[in-house]
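Each remark here refers to the structure printed beneath this line.
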Amino acid sequence: MLSLSLALTHLPQNRKKQHRKKKTLSVPSRVIILVKAGSPVDGTISGLLDAGLEPGDIIIDGGNEWYENTERRSAEVAKKGVRYIGMGVSGGEEGARNGPSMMPGGDKAAFDAVEPVLTKVAAQVDDGKKSLGGVEREVRGRGRTKPRGQTETHLFQNKKNAQIKTGPCTMYVGPGGAGNFVKMVHNGIEYGDMQLISEAYDILRTVGKL
């Protein structure tokens, strides 16, 4: 998968030079764009199509776009046979260092084609299971299951041999603009939490004089 700048540099400028693209980008071409939401995305997509994207190629919009715009663009490029993924990305500076959480939605076949890349790039998170001395147990809240005949003490002694099983913080979330819709909900919860913390702090400071 190439960045937008590389893709625009190497895509051919007219149909007579299609062989240049095939030598530069894998087929089908997979291009991820990370630009400001709104008209810049439309302009970038138009430029990519003019530059020579072909049926079967894949565009991934990794910006935080309004989900209805994603559905509109998906329908527009589908007329040219180009597949489209709208993908919410979250993580900030920690995501840049350790991998982001990614919420891809849109064309399922396109997702299947890029899934190996996304799962490697994404943050790796604990999936709730640990391997203790070769015996797996599942952790659910405060409760847990123990292998038959194994005591809590034995489990505790084996903790030094525990290996956390991790999984990628990404999954296909649905068709159309589902990826951007999930990111919108994600942001709503996040900013709601920040507002709650701010208001609680203000009450404690101004009313409680703490």
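Here, each number is a calculation from the coordinates, and none is a lab measurement. Everything quoted here is computed from the prediction, not taken from an experiment. Cβ: placed from backbone, ideal geometry, glycine included. Neighbour counts: every protein chain shown.
Electrostatic tally near residue 36: other residues with Cβ closer than 12 Å to its Cβ, Lys and Arg +1, Asp and Glu -1, net -3. Annotation: amide H of residue 125 within the under-5 Å range of 167, 169, sequence separation 5 or more or interchain, hydrogens built in the peptide plane. The stretch between residue 120 and residue 201, if pulled fully straight at 0.36 nm per residue, gains 25.2 nm over its current Cα-Cα span.
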